[in-house]
Amino acid sequence: MMKMSSKKKINYFLIEVGLIIFSLIMFLPFLLAISMSFMSEVEVFSYPPKFFPSQINFKNYKEALNIMNLGRMLLNSFIVACCTTLGKIITGTLGAFAFSSFNFKGKNVTFFALFITLFLPAETVMILPLFMIMSKFGWVNTYWALIIPFTASATNTFLFRQHFMSIPKELEDAAKIDGATPMQYFRKILIPLSGPMIAGASIINFVYAWNMYLWPLIVTMDNKMKTVQIGVKMLIATDSTNNWGIIMAGTLMAALPTLILFFALQDLFVKSLVTSGLKG
């Protein structure tokens, strides 16, 4: 094996140093938010500004939880995000299985119509019709209104279809020879082989559902049903506006679950990006 030349070593070193500095610059606002969440109101507005709190205490976190009942809103967001993610994975994999493994009349037209919906601005085009439907069903201010409209996703169907088509057809033929039904092949072969893809899609779907703001704002009037993103906005609009320590504490609590999920499943997420090649 050829040894790396000194020039290449220097280049790699400079690139690594540059990436580290760039990462620190990008991460700096988040570090500042963490620091401010532990500061008192006096420290937040002190001059010259302080970058580190004089002592670590969780008073701001307690205040954020009490002012807007943020604990209940976190629970609402968690329930909505988990149920929405589960629904999208189920409908996405089943729809993708139908498009990748079966031939039926109008298959290409149906898939093309599904594909077109990817380009529609859902939050502007679908808001009014969805709200009218939820009102007709009496689902306003319920979990049903927050979950049901988002349990089907053209994006998930498209991505899982491409992934399923990349799996060798010989596996399906072998399963048929062994007497497996289509659903047995789906459950016992396709799903186990799609673990990393499902994990990656779950992260994306969970983050999307967790960060929804406009739809929950419209469909929930009762504070007990509002989600954490609305809670953070309400926190900014209350009398606590003068205390950015409380606001930063609420913001960090809203961001923490998605960060934990990503770091817990990051290996599977990266693997899903590598193994989910788009096959025509």
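Values in this text are rule-based calculations from the coordinates and carry no lab data. For clarity, every value in this text was computed on a predicted model and none was experimentally measured. Every residue, glycine among them, receives a Cβ derived from its backbone with ideal geometry; neighbour counts consider all protein chains shown.
Could you compute the longest span of the chain free of chymotrypsin sites (Phe, Trp or Tyr not before Pro) located in DSSP loops and having at most 16 other Cβ atoms within 10 Å, not counting the site residues?
105-212
Going by C-beta contacts inside 10 Å, put MET212, MET183 in order with the fewest on the left.
Ascending number of Cβ neighbours within 10 Å: MET183, MET212.
In which sequence would SER101, SER194 go, from the one with the fewest C-beta neighbours within 10 Å to the one with the most?
SER101, SER194
Using 0.36 nm per residue of separation minus the Cα-Cα distance, give me the extension gain between LEU94 and ALA264 in nm, one decimal.
Additional length available on full extension: 58.6 nm.
With the crude spin-label approximation of a point 7 Å out along Cα→Cβ, what separation in nm comes out for ALA255 versus ILE127?
Simple spin-label model gives 2.5 nm for this pair.
Restricting to DSSP H runs of at least four residues, report the calculated mean residue ellipticity at 222 nm for the chain, -39500 (n - 2.57) per run over all residues, nearest 500 deg cm²/dmol.
It comes out at -22500 deg cm²/dmol, rounded to the nearest 500.
Could you give me the percent of Cα pairs per 10 Å distance bin for segment 90-153, shortest bin first, beginning at zero and ending with the bin that holds the maximum distance?
Result, from short to long distances: 18, 39, 31, 13, 0 percent.
Compute the orientation-averaged projected area for segment 1-126 from the convex hull of its Cα atoms and round it to one decimal in nm².
18.2
In square nanometres, what is one fourth of the surface area of the convex hull spanned by the alpha carbons of segment 39-87?
It is 4.9 nm².
Which whole number of Å³ per residue matches the convex hull of the alpha-carbon atoms in segment 68-207?
For segment 68-207, the hull spanned by Cα atoms encloses 145 Å³ per residue.
Filter the cross-link list LYS88/LYS233; LYS136/LYS233; LYS88/LYS226; LYS136/LYS226; LYS88/LYS176; LYS107/LYS136 down to pairs whose alpha-carbon distance in this structure exceeds 24 Å.
Checking Cα-Cα distances, LYS88/LYS233; LYS136/LYS233; LYS88/LYS176; LYS107/LYS136 exceed 24 Å.
Quick one: longest stretch of the chain between exposed loop trypsin sites (Lys or Arg not before Pro), exposed meaning at most 12 other C-beta atoms within 10 Å and loop per DSSP?
The longest uninterrupted stretch comes out as 106-278.
May I ask you to work out the translational diffusion coefficient for the chain at 37 °C, viscosity 0.692 mPa s, via Stokes-Einstein with Rh from the Kirkwood sum over Cα pairs, reported in whole µm²/s?
Here the translational diffusion coefficient equals 147 µm²/s.
Excluding MET253 itself, what net charge comes from residues whose Cβ is under 12 Å from its Cβ, given Lys and Arg +1 and Asp and Glu -1?
Local charge sum for MET253: 0.
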